[in-house]
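In what follows, a structure is listed as structure tokens, so that the remarks can point back to it.
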Amino acid sequence: MASQISLLMENQPGALSRVIGLFSQRGYNIDSLSVAPTQDPTLSRLTMTTSESTEVIQQILKQLYKLIDVVMVQDLKASESISLEMALIKVSNKSEVISKIEKNYSSLEFNELDNKDEKTILRLIGDTFNLENLLVELEDYLIEVTRTGALGMTLGNVSLETEEETKVIY
Amino acid sequence: MSNEEINGGDALIRALADENIDLIFGYPGGAALHIYDAIYKQNKVQHILVRHEQAAVHAADGYARATGKPGVALVTSGPGATNAITGIATAYMDSIPVVVISGQVASHLIGSDAFQETDMMGISRPIVKHSFLVQSAEEIPVVIKKAFHIATSGRPGPVVIDVPKNMTDPNYKFEYNYPKDLVMRSFPILGKGNDEKIAAAIELFRAAKKPVIYSGGGTIQADASKELTEFSKLIGCPVTNTLMGLGAFPGNDNQFVGMLGMHGTYEANMVMSEADLIFNVGARFDDRITNNPSKFGLAAKKIHIDSDPSSIDKIIGVDLAIEGDAKLVMQQLIEQVKASGFDQTIYKDWWSKVEAWRKAHGLNHDMLNLKNEKDIILPQQVIQSLYQTTKGDAYVTSDVGQHQMFAAQYYKFKDPRKWINSGGLGTMGFGLPSAMGVKFAFPEADVACVTGEGSIQMCIQELSTCGQYGLPIKIVNLNNRALGMVKQWQDMQYGGRYSSISYEDSLPDFVKLAESFGHVGIKVEKLSELNDAMKESFAMKDKLVFLDVLVDPDEHVYPMLEAGGSMSEMRLSKDKKTF
């Protein structure tokens, strides 16, 4: 089962390469990665999934937090957070694909975005597990697939925020 | 009152002066020329011209290790930057506060494969604590301030500032203000430890029968040597230092069982193997210490004090982790032990065991008196002669290999910051340039560079720098005519197949070489001449002396941990082992 890590980092050139570099430098594996600015334009939020062990994830969290550009890190526990991702798929036989989704994957949302030359783009939104199973099942129909990677957020009062105190020296 | 307007190059140097930097090591080139012009126009920051950028960073590193203050190197773009990389990686692995300023091609040329362009931010990224690419001339003062703050605080480390040439354009001027305050988001610096954990640590000592205090480079970085010594005296158990931690606890104190690890003493490694409590302060359970982690300290409870939480539970899981500054945590420990008292007699049986180990296979610190009919010099004897001559007070830098281990084993460092070597990265070529940094910091002190004929040739060009600035370093060259440590491994694990460890007859005449740079060279071939030559070298206060000592080419470094084994599995000599 993949674990999710969410972090806030300075929205600056070079910050993302430090985060990604850490993974290759220390030999950690990333399954998926998603990053974009937040409501605060100085901060970007990044969500990653990894299948590393609990011990390794503890190390990853500490190593990430040690990066100067990383402002806050959070381990998104499955029971206390939501996780979903979006995929765009281009398929050749729309009606069969849609019937398969409706039959076995009712938890996935889908929309038809475009229909040209009988090749249709569908937008799928849902949890990674079901999405990946569906993609296996649709193998014969898929022309193209692109996925956002998982996004995650904790439920309720716990939020990924910058620490209140900022460090002032001298 | 408004400040005068100055250009980016002047601002950079002025910011260094405002950061109390009076000495930088470097090498000029196209992209750094505006900065070098700024250096020329002032006299607060002195620039030392080295002969290779690697040496500039090592010199700044040696300066930092000896003084505890940040070292600074200045290099140009492209090859200047790439030559600095080995120096930066060396400082990174040993957590040394060094700020490296690199010139860069002008902003609009970045990415165009311009002349002398290299992606310094990218190349240095995995080996820096942080790095900055200057985006505007106006931000230079605040970038400098942040760089020094980051390099020196918490667990120290190198910081790179990459400065595109147009940022230092002499014609672009702005109002200079050196920031008094600095706001940084989420940059926690650990202070005191948790009081309950401090109390728990002391309880673990009370419950232990066979404890050991294992201290590393972090203790020295935190300037916590005095506190470590005081705490160790209150507890009264064996103390061992890592290669990086030598001098944090006095090496000539009976409570000290020597260095531990790969080439640690028999008694230190036995103490670690049999201990029921391992108290780690400022060390990181490095692979040269633990040997096989799955066989490490199986019977011991473990306490780990570190200013970097990511060091805790990284290799060895611990029972009690105290995150904090070593100096403050040790002060808390001392306070609590003093308040409650501590009965050291509970370790009496443990000490009898330790003394028996020491007696059985401890290092012989009296090898100068060995009977020696052939008059051959053993490398250990050279270190003992150096120790006697300098009374254990010298700053000793080293390169990497057998000579480094002999120096670590036999020079009984009494004080912190006096043993300066590349422990983590293991950089040959570190010894001479780092000795230059030390000598600039402490012109009156004895500074010895213990090296080998292999390592010294990796930065030998710095003999010229030493001549230019009059640096009377004593180079003690343990010349065994081969890459000794490699040869030792080839003896032990490759059936004596000596692959690429010999220079055949192509070694330089080091005496003539030294003389050609205006220094003094002395060659020693007989043990009976060693002490006199050593004394003569150190008596020449104003001269760099290259003491080329021909040592036994067949000597190995022992003890040596057996690969994949526990800490008690050691080779003690060519034909004796513990397993």
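For A:VAL73, all conditions in the list (1) outside any strand (DSSP E or B); (2) surrounded by 14 or more Cβ atoms within 10 Å (Cβ to Cβ) hold save one; what is the number of the exception?
Looking at each condition in turn, A:VAL73 falls short on (1).
Grab the helices (runs of 4 or more DSSP H) fully contained in the range B:126-243, keeping just those with 1 or more residues being more than 24 Å from the chain's Cα centre (by Cα). Walk me through it before giving the result.
Working: elements: B:140-152, B:195-207, B:217-221, B:225-235.
Those helices (runs of 4 or more DSSP H) span B:140-152, B:195-207, B:225-235.
Examine the range B:272-282 for a residue that is within 14 Å of chain A (Cβ to nearest Cβ) and surrounded by fewer than 24 Cβ atoms within 10 Å (Cβ to Cβ), and state whether such a residue exists.
no
If A:VAL70 meets every condition in (1) within 17 Å of the chain's Cα centre (by Cα); (2) within 12 Å of another protein chain (Cβ to nearest Cβ); (3) among the aliphatic types (A, V, I, L, M) apart from one, which number is that one?
It is condition (1) that A:VAL70 fails.
Of the numbered conditions (1) buried (at least 24 other Cβ atoms within 10 Å of the Cβ); (2) in contact with a strand residue (DSSP E or B) (Cβ under 9 Å, 6 or more places away or on another chain), B:GLY429 fails exactly one; give the number of that condition.
Checking B:GLY429 against (1) buried (at least 24 other Cβ atoms within 10 Å of the Cβ); (2) in contact with a strand residue (DSSP E or B) (Cβ under 9 Å, 6 or more places away or on another chain), the one that fails is (2).
Which residues, counting only those in the range B:244-267, are within 21 Å of the chain's Cα centre (by Cα) and assigned to a helix (DSSP H, G or I)?
B:MET244, B:GLY245
Of all residues being surrounded by fewer than 15 Cβ atoms within 10 Å (Cβ to Cβ) and within 14 Å of chain A (Cβ to nearest Cβ) in the range B:189-224, which is modelled with the lowest pLDDT? Just the residue, please.
B:ILE189
Could you check A:LEU61 against (1) among the hydrophobic types (A, V, I, L, M, F, W, C); (2) within 14 Å of chain B (Cβ to nearest Cβ); (3) surrounded by fewer than 17 Cβ atoms within 10 Å (Cβ to Cβ) and say which number it fails?
Failing condition for A:LEU61: (3).
Report yes if some residue within the range B:481-493 is loosely packed, with under 15 Cβ neighbours inside 10 Å and touching a helix residue (DSSP H, G or I) at 6+ places or on another chain (Cβ under 8 Å); otherwise report no.
No, every residue in the range B:481-493 fails to be loosely packed, with under 15 Cβ neighbours inside 10 Å and touching a helix residue (DSSP H, G or I) at 6+ places or on another chain (Cβ under 8 Å).
Does the range A:37-57 contain any residue that is surrounded by 16 or more Cβ atoms within 10 Å (Cβ to Cβ), without any contact (Cβ under 8 Å) to a residue 40 or more places away in the chain and within 14 Å of another protein chain (Cβ to nearest Cβ)?
Taking the range A:37-57 and keeping what is surrounded by 16 or more Cβ atoms within 10 Å (Cβ to Cβ), we get A:43-50, A:52, A:56-57.
Of the ones still in play, those that are also without any contact (Cβ under 8 Å) to a residue 40 or more places away in the chain are A:44, A:56.
Retained after the next criterion (residues that are within 14 Å of another protein chain (Cβ to nearest Cβ)): A:44, A:56.
Within the range A:37-57, one or more residues are surrounded by 16 or more Cβ atoms within 10 Å (Cβ to Cβ), without any contact (Cβ under 8 Å) to a residue 40 or more places away in the chain and within 14 Å of another protein chain (Cβ to nearest Cβ).
Where in the range B:510-579 are the strands (runs of 3 or more DSSP E), entirely inside, with at least 2 residues that are closer than 16 Å to B:LEU478 by Cβ?
Strands (runs of 3 or more DSSP E) meeting the threshold: B:520-524, B:545-550.
Would you say A:THR154 is surrounded by fewer than 15 Cβ atoms within 10 Å (Cβ to Cβ), in contact with a strand residue (DSSP E or B) (Cβ under 8 Å, 6 or more places away or on another chain) and of a type in the set (S, T, N, Q)?
When the stated conditions are applied, A:THR154 does not pass them.
Residue-wise test of (1) outside any helix (DSSP H, G or I); (2) crowded, with 24+ Cβ neighbours inside 10 Å; (3) modelled with pLDDT under 95; (4) not acidic (Asp, Glu).
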{"site": "B:GLY9", "(1), (2), (3), (4)": "no, yes, no, yes"}
{"site": "B:ALA32", "(1), (2), (3), (4)": "no, yes, no, yes"}
{"site": "B:ILE35", "(1), (2), (3), (4)": "no, yes, no, yes"}
{"site": "B:GLN42", "(1), (2), (3), (4)": "yes, no, no, yes"}
{"site": "B:TYR63", "(1), (2), (3), (4)": "no, yes, no, yes"}
{"site": "B:TYR92", "(1), (2), (3), (4)": "no, no, no, yes"}
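When the residues of the range A:21-36 are narrowed to those that are aliphatic (A, V, I, L, M) and free of Cβ contacts under 8 Å to residues at least 40 places away in the same chain, which ends up farthest from the other protein chains (Cβ to nearest Cβ)?
Per the criteria, the residue is A:ALA36.
The values are calculated or read from the model by the stated rules, or taken from the named source; none is laboratory data. Everything quoted here is computed from the prediction, not taken from an experiment. Glycine also receives a Cβ, built like all others from the backbone with ideal geometry; neighbour counts cover every protein chain displayed.
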